[in-house]
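Each remark here refers to the structure printed beneath this line.
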Amino acid sequence: MPIYEFLCPKCNVIYSFLSRRVETEKVPSCPKCGAASLKRVPSRFGVAGGSKTGADSAGGSGDLDDPRIERELMRFASELEGMDESDPRQMARAVRKMTEIAGEPVTPAMEEMIRRLEAGEDPEQVEEELGDLLEEEMGEGGNGIAGEPGRDDGLYPM
């Protein structure tokens with residue numbers, strides 16, 4: 001059974017729909033807002049990787065389901081066990097490493113947060129000053145790229 005992905009321009013979120021048969025013409029309604037103007041988008045697995053940074057440069061695809069990335073995340077998790085959570089510089093290194101492993105771009109507010117942590121600033125103060133901006137950049141879809149669509153994790157009937 002095929003899974004089709006559609007973008008709701010109103011919600012700026014990509015939804016996945018399960019079809020019992022191949023459907024090339026049918027367009028479902030948005031499961032959140034009910035809009036009927038969804039646009040079909042290429043599935044993630046069908047799109048070639050973008051930048052060659054972090055995990056991508058090691059031959060990974062940037063897909064968190066990739067076994068190579070999963071191994072890297074497991075290595076990273078063991079490194080985090082010894083991290084001093086009160087050291088903002090270690091926190092900054094951890095955030096940079098996570099974005100590299102995931103192959104995600106660093107937003108301007110995230111870059112500012114990391115820079116300030118690397119300078120040794122108090123994490124609570126940084127969060128207080130940049131928290132709203134970070135949330136705004138994450139957008140409703142939560143993908144971390146301002147203006148870019150987010151992804152809903154659900155699977156809806158078509």
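The values are calculated or read from the model by the stated rules, or taken from the named source; none is laboratory data. Just so we're clear, the structure is a prediction, and the values are computed from it rather than from any experiment. FYI the Cβ positions are ideal-geometry reconstructions off the backbone, even for glycines, and counts take in every protein chain you see.
Some notes on this structure:
- Of all residues in region 1-30, those that are in the same structural domain as D153 (by TED's automatic domain parsing) have Cβ atoms under 8 Å from Cβ atoms of residues that are among the acidic types (D, E) and part of a strand (DSSP E or B), 6 or more apart or on another chain, in V13/D152; I14/E5; I14/D152; Y15/E5; Y15/D152; S16/E5; S16/D152; F17/E5.
- Here A77, A109, A92 are screened, and the one residue that is out of contact with any helix residue (DSSP H, G or I) (no Cβ under 7 Å at 6 or more places or on another chain), small (G, A, S) and part of a helix (DSSP H, G or I) is A77.
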